1. Give me the compactness ratio for segment 340-482, meaning the Cα radius of gyration over 2.2 N^0.38 Å.
2. Run the reach check for residue 88 against lysines, Cα to Cα strictly under 17 Å, same-chain hits fewer than 8 apart removed. What comes back?
3. Could you give the alpha-carbon Rg of segment 260-415 over 2.2 N^0.38 Å, rounded to two decimals?
4. How big is the dipole moment of the chain about its Cα centre under a simple scheme where the beta carbon of each Lys and Arg is +1, that of each Asp and Glu is -1, and everything else is neutral? Debye, nearest 20, please.
5. Just to confirm a number: summing +1 for Lys and Arg and -1 for Asp and Glu over residues other than residue 279 whose beta-carbon lies under 13 angstrom from that of residue 279, what do you get?
6. Please report how far the C-alpha centroid of segment 344-414 lies from that of segment 467-492, rounded to the nearest whole angstrom.
7. Take every Cα-Cα distance within the chain, group them into 20 Å bins from 0 onward, and report for each bin the whole-number percent of pairs it holds.
8. Under a crude label model (7 Å from the Cα following the beta-carbon direction), how far is residue 81 from residue 593 in nanometres?
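We did not get these values from a lab; they are worked out from the coordinates using the rules stated. Everything numeric here is computed off the predicted structure, so don't read it as measured data. We place every Cβ from the backbone using ideal geometry, glycine too, and count neighbours over all the protein chains shown.
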Amino acid sequence: MNLKVPFLFFVSNLLFFISFAQPERWQQHVKYTMNIDMDVNSNQFKGKQQLVYTNNSTDKLEKVFYHLYFNAFQPNSSMDVRSRELGKIIIGGKPDWDTRVKDRIANLKPDEIGYQKIISLKMNGVPQPFKYHETILEVDLTKAIQPKTSVTFDMEFEAQVPLQVRRSGRDNPKTGVRYSMSQWYPKMCEYDYEGGWHPTPYVAREFYGVWGDFDVTINIDKNYKLAGTGVLVNGNEIGWGYDKAQSPELKPTAKDKRSWHFSGINVHDFVWAADPDFAHIVRKMPNGTIINVVYNFVPNSPANDAAWTLLADAAVKVLPFIESKFGKYPYPQYSFIHGGDGGMEYPMATLIHTPGLGTAFHEWTHSWFQMMLGTNESLYAWMDEGFTSYGEDLEMKFYTGKSSLQPLKDTFAVNPDKRGLKELLASLPEDHSDAYKSYFSLAKSNFEEPLTTHADHFNTNTGYSIAAYSKGEVFLEQLGYIVGAAMRDKIMLEYYHRWRFKHPNANDFVKTAQDVSGIQLDWYKMYWVNSIKTIDYSIDSLWEEGGVSKIRLKRIGYMPMPIDLQLTFRDGTTEMHNIPLNLMFGNKAAENKNEKYIVDEEWRWTHPTYVAEVKAKLTDIKKVEIDPSKRMADVERRNNLLELKW
């Protein structure tokens, strides 16, 4: 396809879009121009990088920092030692290390390690002194970068691609992909309003970057095929589905190396992958968005082709649904690329090791919560991984028509006597049930730490994973319980419109939720995010006075919550009593229009008990239940239900 005119149209419209939507909060800006020469025999490459860095802050910058991620893949690196130390912790009979890393880095040979070496670095033509801190390059500037000014850094560097260990690398035997090129270039660290510089060493976790523009040319053996961030500017020269005619093969060249020229606008990272055996599937959405699926072709394996084709078609079906929930996708294309070691998100692309739809949808949803909203994942991993997992659950239900609880229901239907299964089913909500299940296991273990813990500094991988992914997912579904599901959905769209391209933090999300719902929610963040206090409510007792039934509820856990109390009467009718928490200064609206809805007096958080009153005889009540939707993450649901046998 001819990308020049659509791309220019995209750029002008996106720049207008961004300028119109800029907040009072400043953002730094980068503009990378890189030319890379790859040697596929030595697995080394040389690079030239020009970086125009704009200091939009009010601060004078005396130094800058770069990430040198490949330096993590060397024996005795921080990533290596951290993994081996966590491997000494046994949880559930297994070492707590990342199974993809284990002790593999310690065993890398000199031609298998990764490295990035800086040959020269100049700012505005003047050489700059620098020193290495393993995966961080510290540059003490000869002249400070003044506020509201731009400077140009010119760098020459060389690098070696490590064997595939974590996220990036070469020659992964599980995928057969030659190069998965993520975290592959010297990348300027983020400097923001919240903490200044963020020179986070590459130990294990996620990333944080500066939005800007990338112009990247990769020179590589002419038989290799590439996919990556951005759009391929010279698609008509390349062919292989990137040209207007969508030619199935690479166009011939007399040169030994072919140049692939990508351009990405308003992104905060750049990923690419390369292999001579890649296959390319192209789908075009009605609005013009291009979906690329690039995977390693396996001869005589129609099942492999069918699985990746299914992913392409599923993406076409699901994109409108994602946009309806979380906002419009603003970029001209998205690429699902076979590579990496699991699933890992990047701007306009993801690396996935299989065509599994759950993983693919998850990584794609990161385009909203990490690529457009861009929270600092080191500090707020739950706002990216958790919110993304929340989206993945919704998308899978939309695509398959089945809730996440359905597999457990199916198992129970076949084997109702399986130990503990009936009780487990009774404790989980219909949607996001896997997240609730994982959270409950964490809350009852000794491994939970507050969500405010820095991602690299959790004591265990287990504690981090469940906290970031599951507890973060529960945060949003439980928010729907507090303010109402429809209101929560409005909050998510407003969050996107208000905070895209602005690096929001937890307070920004809560403020948005408060503004949209009219309900105070700072207490929710304080308890759910800043602490590990749990929720546990019970039905304590019932009695009748003067024709009025009274139900005493008891808070056992240390986290206070509003309460949905449903009464089922002998005639089959139901009545929902909403008991707001006094810290909310408001209450949610009725969610079920077909059920009588009564808002009771607020429950003061200081009081361990509360008495609800019902204008009915006690003998007319058949069942009393706290939160029948099970969206409130009550760690002990057996005391939430009372059935009366009259």
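1. Ratio of Cα Rg to 2.2 N^0.38 Å: 1.09.
2. Correct list for residue 88: 102.
3. 1.08
4. Its charge dipole is roughly 400 debye.
5. -3
6. What the calculation gives is 15 Å, centre to centre.
7. 17, 49, 27, 7, 0
8. For residue 81 paired with residue 593, the spin-label model returns 6.3 nm.
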